[in-house]
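Okay, structure first, notes after.
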Amino acid sequence: MASKHTAPSVFAMKASGQKVVCLTAYDFFSGLVAERAGVDLVLVGDSIGNVVFGEETTLGVELDDIVRATRSVKRAVKEPLLVADLPFGSYHLGPAQAVESSVALMKAGAEAVKLEGALLEEIEAVRRAGIPVMGHVGFTPQSVHAFGGFRVQGKSDPQAVIDAAIALDEIGVFSIVLELIPAELAKEISSKVTCPTIGIGAGVHCDGQIQVFHDVLGMAEKTHKHAKRYAQGLEIFQQAISNYSDEVRNSVFPTVENSF
Ligand code: KIV
């Protein structure tokens, strides 16, 4: 049996040259799949707003949504490090709010939190409370309107992304998500920071990768350029439910075996 992943053990994977495999999860089922597949880190992401609630952005996600999802995922996830996302508005009022929201996520079973942007004072306060923090730079979805849409970042001002990542590394985050930035920029950042970089749409040179559960299982209607479908989930589930419907309509199901 593999051993339990912690924030320090994930941090140490970079030095030992091991890639960090990360996946999002939002409920007991997705947590169980991640646990059984043996990923290193599970993120209860605010992408719950997109793939579970069907919303365009993550802005509508509430802290209580992530708290509830974290409790469910926690029941299935034992060995991977369990990280919970701080949703939009749950840390933007300052360090005190960031600590309060992070404490709520830890009480729900998280073992670390993630927040977007180089909010150094907030991150330092959360770390002082004994909570490991995962950073997130590049395209940060909670700032989608400031970016003017879902756009690759770091093309016009790569130094700003490098500076943000280095600042996060220096204040002690245990890893940094690099989202939607050019692969060469991610390579440079990865060579400059001590903690593992976890890419999504940031190329192969990151120290690990994170993907959204529904994207890798083909459960979303569209496939993003940064994602790969490892199963045709939507088609498989649709076919199964359609078979079930046919059998009910034709009195094939339930059979004697399914009856009491
Ligand atoms: O919410 C999320 O799923 C994320 C990942 C894309 C990193 O933040």
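The values are calculated or read from the model by the stated rules, or taken from the named source; none is laboratory data. Bear in mind that the values here come from a model prediction, so they are computed numbers and not experimental data. With ideal geometry, Cβ positions are generated from the backbone for all residues, glycine too; neighbour counts draw on all protein chains shown. Only protein heavy atoms, including side chains, enter the accessible area calculation; ligands, DNA and RNA are left aside. Shrake-Rupley method; radii C 1.70, N 1.55, O 1.52, S 1.80 Å.
Per-structure values
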{"item": "Test: residue in the stretch 184-199 that is outside any loop (DSSP other than H, G, I, E, B) and more than 27 Å from H5 (Cα to Cα)", "result": "yes"}
{"item": "Output for the stretch 248-259, where each listed residue is open to solvent by less than 80 Å² (accessible area, probe 1.4 Å) and under 29 Å from G218 (Cα atoms)", "result": "V248"}
{"item": "Subset of the stretch 28-55 [closer than 17 Å to E221 by Cβ and more than 14 Å from the ligand (Cβ to nearest atom)]", "result": "G54"}
{"item": "Y230 touching a residue at least 12 places away in the same chain (Cβ under 8 Å), hydroxyl-bearing (S, T, Y) and open to solvent by 80 Å² or more (accessible area, probe 1.4 Å)", "result": "yes"}
{"item": "Single unsatisfied condition, F88 versus (1) part of a helix (DSSP H, G or I); (2) over 29 Å from K4 (Cα atoms); (3) within 16 Å of the ligand (Cβ to nearest atom)", "result": "(1)"}
{"item": "Residue ID - farthest from I131 (Cα to Cα), chosen from residues in the stretch 42-85 that are of a type in the set (S, T, N, Q) and part of a helix (DSSP H, G or I)", "result": "N50"}
{"item": "In the stretch 167-201, the residues that are farther than 23 Å from H224 by Cα, open to solvent by less than 50 Å² (accessible area, probe 1.4 Å) and either within 14 Å of the ligand (Cβ to nearest atom) or in contact (Cβ under 8 Å) with a residue 24 or more places away in the chain (or both)", "result": "A167, L168, D169, I171, G172, V173, F174, S175, I189, V193, C195, P196"}
{"item": "Qualifying residues in the stretch 109-150 (those that are closer than 24 Å to Q211 by Cβ and part of a helix (DSSP H, G or I)) - the one nearest to the chain's Cα centre (by Cα)", "result": "P141"}
{"item": "Of residues in the stretch 204-227 being surrounded by 18 or more Cβ atoms within 10 Å (Cβ to Cβ) and assigned to a loop (DSSP other than H, G, I, E, B), the one nearest to the ligand (Cβ to nearest atom)", "result": "V212"}
{"item": "Residues (touching a Pro at 6+ places or on another chain (Cβ under 9 Å) and hydroxyl-bearing (S, T, Y)) located in the stretch 142-193", "result": "S175, S190"}
{"item": "Subset tally (residues that are surrounded by 21 or more Cβ atoms within 10 Å (Cβ to Cβ) and over 20 Å from A220 (Cβ atoms)) for the stretch 68-78", "result": "2"}
{"item": "Candidate set: the stretch 1-41, residues that are in contact with a helix residue (DSSP H, G or I) (Cβ under 8 Å, 6 or more places away or on another chain) and part of a helix (DSSP H, G or I); chosen: the one most open to solvent (accessible area, probe 1.4 Å)", "result": "F29"}
{"item": "Pair list, Cβ under 7 Å, 6 or more apart: the stretch 17-30 residue over 12 Å from G45 (Cα atoms) and touching a residue at least 24 places away in the same chain (Cβ under 8 Å), other residue in a loop (DSSP other than H, G, I, E, B) and more than 12 Å from the ligand (Cβ to nearest atom)", "result": "K19/D207; V20/D40; V20/P196; V20/D207; V21/V39; V21/D40"}
